[in-house]
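Working notes for the structure below.
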Amino acid sequence: MQTAMRGQASGSGCTSGRQARGHWSRRSVRERGALRVVAKDYPTPDFQSSDTYQEALSLSTKLRNAPRPAKPLRVVIAGAGLAGLSAAKYLADAGHHPVVLEGRDVLGGKVAAWKDEDGDWYETGLHIFFGAYPNIQNLFKELGIQDRLQWKEHSMIFAMPDAPGEFSRFDFPELPAPWNGIIAILRNNQMLSWPEKIRFAIGLLPAIIFGQRYCEEQDELTVTEWMRKQGVPDRVNEEVFIAMAKALNFINPDDLSMTVVLTALNRFLQASVGPRQSGEQHGSKMAFLDGAPPERLCQPMVDYFKARGGDLMFNSRVKQIVLNDDKSVKHLALTNGQTVEGDLYISAMPVDIMKILMPDPWASMPYFKQLNGLEGVPVINIHIWFDRKLTTVDHLLFSRSPLLSVYADMSTTCKEYADDKKSMLELVFAPAKEWIGRPDEEIIAATMTELERLFPTEVRADQSMAKILKYKVVKTPLSVYKSTAGREKFRPTQRSPISNFYLAGDYTKQKYLASMEGAVFSGKLVTEAIVEDWSARGVTSSAASRQPALAAAGVVAGSAAVIGAALVAASGAIAGGM
Ligand SMILES: Cc1cc2nc3c(=O)[nH]c(=O)nc-3n(C[C@H](O)[C@H](O)[C@H](O)COP(=O)(O)OP(=O)(O)OC[C@H]3O[C@@H](n4cnc5c(N)ncnc54)[C@H](O)[C@@H]3O)c2cc1C
């Protein structure tokens, strides 16, 4: 979702910071004088002094310095999304040998991307990296790829539904959080009036006073219910939180848990107070990766763990988790007929797949039973290549339109996709429940109608202005877990009651919601659990007795009890949406 245009682009539909602070006017952008958008990358923020970065760093250090196992454990990880790759990377750091099994032939899971016949990339999702992602920033540094994040101006930019082509900005000054966020909100008078801002601020007081504990306690309320309970006017919800809810979890505030919004605000506006100054002022800064995630982020992770004794196998879809008599895992049976054995096993597959593959003897155990409370949410990611360069903004934009969530002109925001002559808009279509089953042509037609409002002088639904050169629609019927009210209690920890089986994934318990940061962090947490459980012991006799074939056995062709082909096919659709 990010941009990286060389030089300067003029004629942006975005109002300037100065205009944003002034009185709302319905004069056209042209009448007011268009903002000159300086399309450039901003310096990598100085994360290293922040408490959150230091915490992430110390967990990395703990894993790297963990007691070396008597013999490296062969840890079989199902799923090469960010959680599985992160687990593999940190297990390699801890001296173990990860073997990642990926069902498809592409890395990244929900950050997967493909090249079309012209060599243009299309992606599962428009992805933004926030300053509030300490484990990701840490990971980029450890892999030596931190220059691949293209940081953007410290702003949040919202389209104005009643003023086609106009945008309203929240510009964050270079001050410590939460003051930079407070000032950004106070300076924007277009979206919220002063009484509305004051009511909202009063509503937020308990969250400020009681912190994360209060945020977590609000999980039983939707955003809309919480706003009403706190006396916040409905207009605040309409102006800000419909867009926020769609961006955070692809659903509306009537469904989204308030914990998600409060947690995001907490992470973005982390206060620099307390015994040690956190130095956190970059949480709400946004960056785009400079190219496609499988090559620019996932491959370096694979290179890293392969260089340390790990392995990765594509087209290795788990069909069944085969158990020993004591309910521990004996091996994983793949759809291609192979059997994969290890000392330990991690599922880094999406929760919907884990539910399908759940062995019967586990299904009634409370730890596994709770997964039934979680389910992926549908979302659609759209790419439209136009025959010309549209009015461009070098940033993520909140569309505030009924069908769309966030979008960006990737030909401006991302180096590898850069094009000075033609725009490629990447748009997240959400909520997608009613649309996921419809043909691509219908989805594109509906998107074009919404683009008329966002680009009133350049786009018409009938293409009488900008023409579509080509498009790609990527549907993910079950993406990240749907964070409706009351889901938190169903999120499992990484350590399961089964001694040789663990879970990783953005849906597992960690404090960063269903996000790339959450996925990477879950990979570190599962490694920490394994290190605590096993590193000091190496392969104990009890582990060995449960798993007769250890590392040397590797992958063996074999027959395992077969789950129906329909189930396996379903697992493919759920996993990738492609
Ligand atoms: C449209 C969209 C936009 C997003 N935007 C953002 C954003 O801006 N910022 C952000 O932080 N996050 C964003 N996210 C969320 C983020 O992508 C996810 O939280 C994260 O990538 C999840 O990683 P994961 O490893 O937990 O799961 P996944 O990425 O789902 O990985 C699971 C892996 O398991 C594999 N698998 C499935 N079944 C099997 C099987 N039977 N055998 C073997 N392998 C199997 C899958 O193929 C996949 O590779 C977005 C997601 C989407 C869909």
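When a/c reaches 1.5 or more, the comparison of a/b and b/c decides; with that in mind, is region 304-368 rounded, prolate or oblate per its Cα gyration tensor? Can you show the working numbers first?
Working: a/c = 1.74, a/b = 1.70, b/c = 1.02.
Prolate is the answer for region 304-368, as a/c is 1.5 or above and a/b outweighs b/c.
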Using a 1.4 Å probe on the protein heavy atoms, what percent of the accessible area of region 35-178 belongs to carbon and sulfur?
51
Taking a crude spin-label model, label points 7 Å out from Cα along the C-beta direction, the Asp419 to Ile183 distance in nm is 4.0
Within the set of other residues whose C-beta is less than 12 Å from the C-beta of Lys389, count the net charge using Lys and Arg as +1 and Asp and Glu as -1.
-2
If you rank Asp234, Asp51 by how much accessible surface each has, with a 1.4 Å probe, what is the order from largest down?
Asp234, Asp51
Using only the Cα atoms of region 377-491, each taken as one equal point scatterer with no solvent, compute I(q) by the Debye sum, divide by I(0), and report log10 of the ratio at q = 0.12, 0.21 Å⁻¹.
-0.44, -1.17
Distance histogram in 10 Å bins (all Cα pairs of region 138-236, percent per bin):
12, 30, 34, 19, 4
Assuming a viscosity of 0.692 mPa s and a temperature of 37 °C, what translational diffusion coefficient in µm² per second does Stokes-Einstein assign to region 36-174, Rh being the Kirkwood radius over Cα pairs?
179
Quick one: length gained pulling Ser193 to Glu295 fully straight, 0.36 nm per residue minus the C-alpha distance?
32.2 nm
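Beyond a 24 Å Cα-Cα separation, which of these cross-linked pairs lie in this structure: Lys369/Lys482; Lys71/Lys141; Lys285/Lys415; Lys152/Lys422?
Working: Lys369/Lys482 17 Å; Lys71/Lys141 29 Å; Lys285/Lys415 18 Å; Lys152/Lys422 21 Å.
Going by Cα-Cα distance, Lys71/Lys141 fall outside the 24 Å limit.
Please label the shape of region 196-266 as rounded, prolate or oblate, based on the square roots a ≥ b ≥ c of the eigenvalues of the alpha-carbon gyration tensor (a/c under 1.5 means rounded; beyond that, a/b larger than b/c means prolate, else oblate). It would help to have the intermediate numbers written out before the result.
On the way: a/c = 1.66, a/b = 1.12, b/c = 1.48.
Note, shape of region 196-266 comes out oblate.
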When only Cα pairs under 8 Å and 6 or more residues apart are kept, what is the percent relative contact order across region 261-374?
13
Could you state the per residue volume, in Å³, of the convex hull enclosing the Cα atoms of region 260-396?
260
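The values are calculated or read from the model by the stated rules, or taken from the named source; none is laboratory data. Being a predicted model, the structure only gives us computed values, none of them experimental. FYI the Cβ positions are ideal-geometry reconstructions off the backbone, even for glycines, and counts take in every protein chain you see. Just the protein is used for accessible areas: all its heavy atoms, side chains included, with ligands, DNA and RNA removed. Shrake-Rupley method; radii C 1.70, N 1.55, O 1.52, S 1.80 Å.
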